[in-house]
Amino acid sequence: MDSDPIVARLRAAGCVFAEDEAAFIRRHLDDPHDIERAVTSRASGLPLEHAVGAAEFAGAILAVADGVFVPRRRAETLAHTAAAQHPTARVVVDLGCGCGALAASMTTRLPSARVHAVDIDPTSVVVARLNGRRYGFAAHHGSWWDGLPSDLRGRVDLAVGYLPHVPTHEVRHIHADFRAHEPLGAVDGGSDGLDHLRTVLAGLPDWLAPGGRFVTLLSAEQARRIDGEVLARVDGDAVVAFG
Ligand SMILES: C[S@@+](CC[C@H](N)C(=O)[O-])C[C@H]1O[C@@H](n2cnc3c(N)ncnc32)[C@H](O)[C@@H]1O
């Protein structure tokens with residue numbers, strides 16, 4: 001029997017990591033009404049970060065909202081591996097920014113860089129703008145390179161992107177919690193998962209500065225099939241660089 005009432009409610013609702021989740025809720029919320037609302041939402045099946053309205057990513061705390069992709073732990077490896085590719089980068093872009101987790105991480109790791117983020121999902125852009133005010137990046141609405149200010153063309157030292165890359169036929173294997181609350185467009189990468197990657201790669205000659213790089217996260221199997229440089233591996237995925 002749990003003596004902590006929040007842990008007890010979360011455990012009764014089937015949350016396996018009830019203690020960790022209760023601690024997360026208390027770390028981010030003070031007001032008892034907000035805590036009550038978050039526990040009720042979580043117990044009814046909302047992902048923890050959506051229930052609380054916050055996500056932790058590589059030392060940053062980001063606002064998130066229902067319908068916006070929750071930053072994944074494995075993307076932290078993408079963030080630090082990408083930043084190490086160009087420590088003197090002056091122009092950095094986050095392609096498919098969601099709430100702006102990678103962009104926020106770039107502003108703290110690359111303090112001399114001006115960071116721009118872009119997403120096609122309007123709700124994500126609203127949330128990314130909120131986070132951008134806190135962490136110092138600009139968020140734009142649009143599709144990949146076309147959504148960025150045109151004066152960045154040919155000047156991007158480092159592009160980072162956790163693109164939707166799950167093959168369409170595998171999307172149904174994603175955990176049900178996430179399928180219900182995150183947009184399909186955040187994960188579905190077309191028949192082999194690489195449709196968006198091909199679009200982004202086609203823009204590299206136009207948008208990257210000389211010596212610029214694009215760094216992304218793919219499954220290990222996808223990484224074997226494409227012509228990029230594997231920089232790191234994490235949880236069966238690969239951080240891959242192009243350019
Ligand atoms: C896997 S999520 C990653 C989000 C964020 N970078 C993160 O790590 O939390 C992919 C993101 O790409 C965005 N996206 C999908 N198609 C896009 C497009 N054509 N142009 C820009 N962003 C797109 C989705 O809306 C989603 O936010």
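The values are calculated or read from the model by the stated rules, or taken from the named source; none is laboratory data. Model, not experiment: these values are computed from the prediction. So basically every Cβ, Gly included, is an ideal-geometry build from the backbone, and we count neighbours across all protein chains shown.
Observations on the structure shown:
- Criterion: out of contact with any Cys (no Cβ under 7 Å at 6 or more places or on another chain), crowded, with 18+ Cβ neighbours inside 10 Å and not assigned by TED's automatic domain parsing to the domain that holds Val160 - qualifying residue of Leu10, Leu46: Leu10
- Qualifying residue in the stretch 224-233 (condition: within 13 Å of the ligand (Cβ to nearest atom), buried (at least 18 other Cβ atoms within 10 Å of the Cβ) and within 30 Å of Ser112 (Cβ to Cβ)): no
- Looking across the stretch 190-215, not a single residue is part of a strand (DSSP E or B) and among the hydroxyl-bearing types (Ser, Thr, Tyr).
- Residues satisfying the stated conditions in the stretch 1-59, i.e. small (Gly, Ala, Ser), modelled with pLDDT under 95 and farther than 25 Å from Arg72 by Cβ: Ser3
- Some residue of the stretch 173-190 being closer than 21 Å to Ala83 by Cβ, in contact with a His (Cβ under 9 Å, 6 or more places away or on another chain) and crowded, with 18+ Cβ neighbours inside 10 Å: no
- Where a residue in the stretch 106-122 is under 19 Å from Ala186 (Cβ atoms) and its partner, wherever it lies, is among the aromatic types (Phe, Trp, Tyr) and more than 9 Å from the ligand (Cβ to nearest atom), with Cβ under 7 Å and at least six apart: Ala117/Phe137
- Residue in the stretch 117-127 that is assigned to a loop (DSSP other than H, G, I, E, B) and more than 15 Å from the chain's Cα centre (by Cα) present: no
- Qualifying positions in the stretch 119-138 - closer than 14 Å to Val91 by Cα and of a type in the set (A, V, I, L, M): Ala138
- Single residue of the stretch 153-189 satisfying the filter (more than 14 Å from the ligand (Cβ to nearest atom) and in a strand (DSSP E or B)) that is farthest from Thr88 (Cα to Cα): Val156
- Residue check for Asp94: of a type in the set (Asp, Glu) and surrounded by 20 or more Cβ atoms within 10 Å (Cβ to Cβ): yes
- In the stretch 144-178, the residues that are within 24 Å of Ala63 (Cβ to Cβ), free of Cβ contacts under 8 Å to residues at least 40 places away in the same chain and of a type outside the set (A, V, I, L, M, F, W, C): Gly147, Pro149, His175
- Exactly one residue out of Leu102, Leu62, Leu95, Leu78 is outside the structural domain of Asp237 (by TED's automatic domain parsing), within 11 Å of the ligand (Cβ to nearest atom), more than 17 Å from Arg179 (Cα to Cα) and not small (Gly, Ala, Ser), and it is Leu62.
- The number of residues in the stretch 89-133 being farther than 13 Å from Ile61 by Cα and either polar (S, T, N, Q) or out of contact with any His (no Cβ under 8 Å at 6 or more places or on another chain) (or both) comes to 17.
- Residue within the stretch 94-102 that is more than 15 Å from Leu217 (Cβ to Cβ) and either over 15 Å from the mean Cα position of the chain (by Cα) or at pLDDT 95 or above (or both) present: yes
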